[in-house]
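The values are calculated or read from the model by the stated rules, or taken from the named source; none is laboratory data. Only a predicted model underlies this, so the values are computations on that prediction, with no experimental measurement involved. We place every Cβ from the backbone using ideal geometry, glycine too, and count neighbours over all the protein chains shown.
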Amino acid sequence: MHQYESGSAEEPRPGRGAAGPGAVSPEGHRLVPLATVLLDGEGRILHWSDDAGALLGYSPEEALGNFVGGLLLGDDRRPEALELLDQVIAGTPWSGTFPIRHRDGHLVDLEFRTYPIAAPGNLRFVLVTSSEVRALRQVEEDLAVLNGFFDQSPIGLAVYDEELRFVRVNPALAKINGIDENQHVGRRLTSVLPGINAEEIEAVMRQVLATGDPVVDARSHGRTPGAPEEDRAWSASYFRLEAPSGKVLGVSSSVIDVTQRFRAEERAARAQERLSLLAEAGARIGTTLDLRTTVRELADAMVPRLADVCGVHVLERLVSGQEPEPADPGNLLVRRLALRSAHPDFPADDLPIEAVYRIPPDSPYARAMATRRTVTVPGPELPLLTHTGGARVRAYMNGSSQPLRVTPIVARSTVLGVVVYSRYMDRNPFDDQDSTFGEELVARAAVSIDNARLYLREHANLMERQAALREANAAREQLALINEATSRIGSTLDVQRTAEELIEVVVPRFADFATVDLLESVLRGDEPYALSSDEPVTLRAVAIGGDVPELAGAVDSVGEASRYDGARIYAKSLRSGEPILVPEVDEEALAMIVSSPERVQPGLTAGIHSYLMVPVLARGAVLGGAEFVRIGDSEPYTTADVAIAEELVARAAVCIDNARLYGRERGTALTLQRSLLPQEIHHTLGMEIAYRYLPSSVVSEVGGDWFDVVPLSCGRVALVVGDVMGHGVQAAATMGQLRTVARTLATLEMLPDQVLSRLDETASGLGEGQFATCVCAVYDPVDRSCTIACAGHLPPVVVGADGSTRPVDLPPGVPLGVGGVPFESVEITVPEGGMLALYTDGLIERRGQDIDEGLELLCRTLSDRGRGLEETCDAVLDALVTDGAEDDIAVIMAQVLPVPEDKIATLPLTGDVTLAGQARHFTRGTLEGWGLLPLADIAELLVSELVTNALRHAGPPRQLRLFRDRTLTVEVADAGRQIPTLRPIDEDLESGRGMYLVNELAHRWGSRTTRHGKVVWFELELPLGIAP
């Protein structure tokens, strides 16, 4: 057995092949791991590289000192391996492939190279290197592919070292350059290809070497030995070559021939340049829709970029706004609108702008315009368009100018003019591109000129349409203003409000400031009168409008009056009845407008520049005047404005006159109404009364509402509230008649239903359509009873002492004037401290509101008993009349008070013999207690007569009652229904004289029926000096 087959051995001694400190193991292959192993002559492992560990799985610690045969060889091929090892140790090198056992047991095919080493002392060592077969084969394949790619690529490839010398060139690049591959190696690009921009390329490669950033599509151009007769172009990309360690090795490049693309790009660049020039020039042409500006822009674009001198001529018909096609093609007139020259010494004065010329029929101008094509003509052959002969221009052009080009200006197949341009001798002649460029500029300018022409035409049409539209709008605004005035002026029958409405309509739409002044007689309601020729006129300002504080010192405030003498414009207009227009106001004119000289300066300061005065006329009479003023930059007034102002003022005048007439009629009706209402409400014993009457605040005719408080006998009082249907003087007159009848009927001691029945007859007799509602209540303070009847009126409201409220449940009845329907009375008792409220419908009825809501609010307001009666009246009006009364309102509130004991005395009467004596005795004793003894004798006599009369004609009397108020009232109640009357006295009879005594001695007397019979009463006036 070979020693190197053993599985273990002594540890190697230092320096005997083991890798000691400082030993360097061979570096493995860059791409394939290269394992290195050093064996001694016995086959013991003295060195084990990292790549060996990576290939076979053993670390250096595990491998060193072991015999290679025992560690790495399998049993099946161990003899063969040991024999090879003996040969190598003996000094015979060997290379080949052999399987080696991996640490985990599988076999790894390695390719070996062995190197026998003879050392001093007859020592033998073997250096073994190996790589994995599979990895080597992969590297060989990759290298083959790489070489194939490099050699077979149709793209030129090259590798340069750090000194930019060729290291390797592929056949494709050698063919491009026309030089053999070997002739490149070791040489720089500047020496290999001196005919191209080699220095620029090398600068690019040095940049790539320095930065490491690749460069793509670096262009090179020139001539090479492969194509020495023509310029060619190439596109190259460069990148830096680096070792895995980061060391820079050189530069690699790829090159393709882009000559055709370069030439196409060059052509495209030239075309792009021309297009840019054309676009730039085109952008400068037609920046406005002004014809002359567009023509000047064309000349500026032509010179000096394309030409050195250029003139632009446009058909005169076009300039004058007519269609460019003339009636006679042989009679063409053109106007020179632009001339430009690049040389300052060009005699431009001989070719003036805006000059008009006739085109010679056979001239190049005429041919160009007829054929619509550019005509090129030598300078001497072109007739100059000038009125001065053009000798200087001709001499200049003959000596300095090349042939001229005459290009027509054509748009939409219509010739608009002609452009003439040329170059001086120091420039190249026009080539095809220049000709195309020039014609394209003219074509673009033609479109802009045509647009300008169309714009001018459309602008003129537009101006005409706008003028017509302005007139239509003005007419529409005037009509709208008049319609608005119709709807807004006269919404009320108030003179001042009507004038204010006129001001609101005209300011600021028609005037910056306006005033309405009326004659004093008109404001008083009098009939207007004719003004004499020299009479001064006094007017009072009724309404002013306009936010012009500076005019405060030039016009009257509302309510102020001014006096105008006969020479003033205001007075002249009022006397003539005609408006006066001052379109332009100066200081002199303003002095004739204002009422006094001190008002001139404020008017000038405010900027008054136009004035219009229109008299206010109605039914042929002058009522006043309206002034309209315009200030600042407003348009001055015209005659058309006068007609509008007259129409506006005429509408307002009718409304003002109607308001004046209405005011006069309303004043008359109110006066009549007030005269017909109670002028004084007398104090009533046992009852406090408060009342309110509120005329309608709406400017309409006065109504027919009324109320009355009628004192009756024995302290009783009648409360009446009524409402005549309709408004105006007729309603007020009807109200007065019904109130008078009602008062008369009440004093006749009629029951409320009887009063309403008689009133119904009266209303029916007043004429057809005269209707009224009414409620009548009679209150007796002795027993606090209240008898009420209703004729279609709202029910009274009873308020208890505790604040409880309820409408009295009454038969509604029908309005007075219907006729033929009976009325019913209802008797209620009003509690002491309670209150009774009677009212008309104007208090609780509102447009758009249920009447029950108003009645409920009235009851809630009356329920607050913390106020006095007068305060309660005010509270009711405050709560229910918030926005003014829509109708007349009448309210009566009566509060029940206790009757003092010294004001009333009652004696029940029983029996039939001594009744008269009882009554006389009670009467004297009561009057003595009241301090009314002077009345005792007469009172006893009359009481005796009434009691006796009752005993004889009506049965026993039931009650005697004395009542002291403003008079002394004595009444006797009995069960009879027959009313006592005064009959003729029979001198032969002793009886029948009692009622004559009562009639002669009493202040007044009467009787009334009751539910239990009747009451006969008389009154005696209290003695002088005795208070009620």
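Can you say whether SER191 is surrounded by 14 or more Cβ atoms within 10 Å (Cβ to Cβ) and either among the hydroxyl-bearing types (Ser, Thr, Tyr) or not assigned by TED's automatic domain parsing to the domain that holds LEU241 (or both), as far as the supplied structure shows? It is false that SER191 is surrounded by 14 or more Cβ atoms within 10 Å (Cβ to Cβ) and either among the hydroxyl-bearing types (Ser, Thr, Tyr) or not assigned by TED's automatic domain parsing to the domain that holds LEU241 (or both).
A quick yes/no check of all residues on (1) more than 14 Å from GLY156 (Cβ to Cβ); (2) at pLDDT 90 or above; (3) part of a loop (DSSP other than H, G, I, E, B); (4) among the polar types (S, T, N, Q):
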{"site": "ILE201", "(1), (2), (3), (4)": "no, yes, no, no"}
{"site": "VAL204", "(1), (2), (3), (4)": "yes, yes, no, no"}
{"site": "GLN207", "(1), (2), (3), (4)": "yes, yes, no, yes"}
{"site": "ASP217", "(1), (2), (3), (4)": "yes, no, no, no"}
{"site": "SER220", "(1), (2), (3), (4)": "no, no, no, yes"}
{"site": "PRO228", "(1), (2), (3), (4)": "yes, no, no, no"}
{"site": "ALA233", "(1), (2), (3), (4)": "no, no, no, no"}
{"site": "ARG240", "(1), (2), (3), (4)": "yes, yes, no, no"}
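One residue stands out in region 349-363 among those that are in contact (Cβ under 8 Å) with a residue 40 or more places away in the chain and assigned to a strand (DSSP E or B): the one that is surrounded by the fewest Cβ atoms within 10 Å (Cβ to Cβ), namely VAL356. In the condition set (1) modelled with pLDDT of 90 or more; (2) within 30 Å of LEU719 (Cβ to Cβ); (3) surrounded by 21 or more Cβ atoms within 10 Å (Cβ to Cβ); (4) not assigned by TED's automatic domain parsing to the domain that holds GLN849, THR923 is compliant with all but (2).
To keep it simple, each residue is scored yes or no on (1) under 30 Å from GLU162 (Cβ atoms); (2) within 60 Å of the chain's Cα centre (by Cα).
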| position | (1), (2) |
| --- | --- |
| ARG240 | yes, no |
| GLY246 | yes, no |
| GLY250 | yes, no |
| GLN260 | no, no |
| GLU265 | no, yes |
| GLN272 | no, yes |
| ASP290 | no, yes |
| THR293 | no, yes |
| ALA307 | no, yes |
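Of the residues examined, LEU249 is one that is hydrophobic (A, V, I, L, M, F, W, C), in contact (Cβ under 8 Å) with a residue 12 or more places away in the chain, over 30 Å from ASN451 (Cα atoms) and surrounded by 14 or more Cβ atoms within 10 Å (Cβ to Cβ). The residue of region 205-222 that is surrounded by the fewest Cβ atoms within 10 Å (Cβ to Cβ), among those that are closer than 20 Å to THR259 by Cα and aliphatic (A, V, I, L, M), is VAL216. Selection of first residues in region 451-474 that are under 13 Å from LEU291 (Cα atoms) and of second residues that are in a helix (DSSP H, G or I) and hydrophobic (A, V, I, L, M, F, W, C), restricted to Cβ pairs under 7 Å at least 6 apart or on distinct chains, gives the following pairs, ordered by first then second residue: ALA452/LEU291; ARG453/LEU291; ARG453/LEU318; LEU456/LEU291.
Scanning region 560-579 for residues being more than 17 Å from GLU535 (Cα to Cα) and in contact with a Pro (Cβ under 9 Å, 6 or more places away or on another chain) gives a total of 2. Among the criteria (1) within 30 Å of ARG540 (Cα to Cα); (2) surrounded by fewer than 15 Cβ atoms within 10 Å (Cβ to Cβ), the one LEU493 does not fulfil is (2). Filtered by the rule that a residue be touching a helix residue (DSSP H, G or I) at 6+ places or on another chain (Cβ under 6 Å), part of a loop (DSSP other than H, G, I, E, B) and touching a residue at least 60 places away in the same chain (Cβ under 8 Å), region 795-823 gives a lone residue, PHE823.
Within region 545-580, being part of a loop (DSSP other than H, G, I, E, B), aliphatic (A, V, I, L, M) and either buried (at least 20 other Cβ atoms within 10 Å of the Cβ) or under 45 Å from the mean Cα position of the chain (by Cα) (or both) holds for VAL548, ALA554, VAL555, VAL558.
Just one of (1) free of Cβ contacts under 8 Å to residues at least 60 places away in the same chain; (2) basic (Lys, Arg); (3) farther than 26 Å from PRO383 by Cβ fails for ARG274. It is (1). Out of everything in region 126-160 that is closer than 15 Å to ILE100 by Cβ and assigned to a helix (DSSP H, G or I), what residue ends up being farthest from the chain's Cα centre (by Cα)? It comes out as VAL133.
Looking at SER153, SER237, SER245, just one residue is over 30 Å from GLU266 (Cβ atoms) and of a type in the set (Ser, Thr, Tyr), and that residue is SER245. Can you confirm whether region 108-115 contains a residue that is within 15 Å of LEU34 (Cα to Cα), touching a strand residue (DSSP E or B) at 6+ places or on another chain (Cβ under 9 Å) and aromatic (Phe, Trp, Tyr)? Scanning region 108-115, I find at least one residue that is within 15 Å of LEU34 (Cα to Cα), touching a strand residue (DSSP E or B) at 6+ places or on another chain (Cβ under 9 Å) and aromatic (Phe, Trp, Tyr), so the answer is yes. Within region 524-549, residues that are of a type in the set (Ser, Thr, Tyr) reach partners that are not in a helix (DSSP H, G or I) with beta carbons closer than 6 Å, at six or more positions or on different chains, in the pairs THR538/ALA561; THR538/ARG563.
Based on what the data block shows, is ALA499 in a helix (DSSP H, G or I) and closer than 18 Å to MET613 by Cβ? Yes. When ALA718, ALA777, ALA731, ALA789 are checked against the criterion of being crowded, with 20+ Cβ neighbours inside 10 Å, at pLDDT below 90 and outside any loop (DSSP other than H, G, I, E, B), ALA731 stands alone in meeting it.
Annotation for region 524-539: at least one member residue is buried (at least 20 other Cβ atoms within 10 Å of the Cβ) and not in a strand (DSSP E or B).
Scanning region 358-394 for residues that are within 60 Å of the chain's Cα centre (by Cα) and either over 24 Å from SER413 (Cβ atoms) or outside the structural domain of TYR421 (by TED's automatic domain parsing) (or both) yields nothing. Quickly run through region 824-839 and pick out the residues that are in a strand (DSSP E or B) and surrounded by 20 or more Cβ atoms within 10 Å (Cβ to Cβ). Listed by number, the residues that qualify are MET835, LEU836, ALA837, LEU838, TYR839. Taking the listed residues ASP708, ASP723, the one that is part of a strand (DSSP E or B) and either out of contact with any strand residue (DSSP E or B) (no Cβ under 7 Å at 6 or more places or on another chain) or without any contact (Cβ under 8 Å) to a residue 40 or more places away in the chain (or both) is ASP708, with no other qualifying.
Okay, residues lined up against (1) within 20 Å of VAL133 (Cβ to Cβ); (2) modelled with pLDDT of 85 or more:
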position: GLY28; (1), (2): yes, no
position: VAL37; (1), (2): yes, yes
position: GLY43; (1), (2): no, no
position: SER49; (1), (2): yes, yes
position: PRO99; (1), (2): yes, yes
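Restricting region 428-455 to residues that are of a type in the set (D, E, K, R) and loosely packed, with under 15 Cβ neighbours inside 10 Å leaves a set whose member that is farthest from VAL393 (Cα to Cα) is ASP432. Restricting region 118-166 to residues that are buried (at least 16 other Cβ atoms within 10 Å of the Cβ) and basic (Lys, Arg), which is modelled with the lowest pLDDT? Within region 118-166, the match that is modelled with the lowest pLDDT is ARG124. If ASP657 satisfies all but one of (1) at pLDDT 90 or above; (2) acidic (Asp, Glu); (3) in a helix (DSSP H, G or I), what's the number of the condition it fails? Here ASP657 clears every test but (1).
Scanning region 72-86 for residues that are loosely packed, with under 14 Cβ neighbours inside 10 Å and free of Cβ contacts under 8 Å to residues at least 60 places away in the same chain, we see that the one that is nearest to PRO60 (Cα to Cα) is GLY74.
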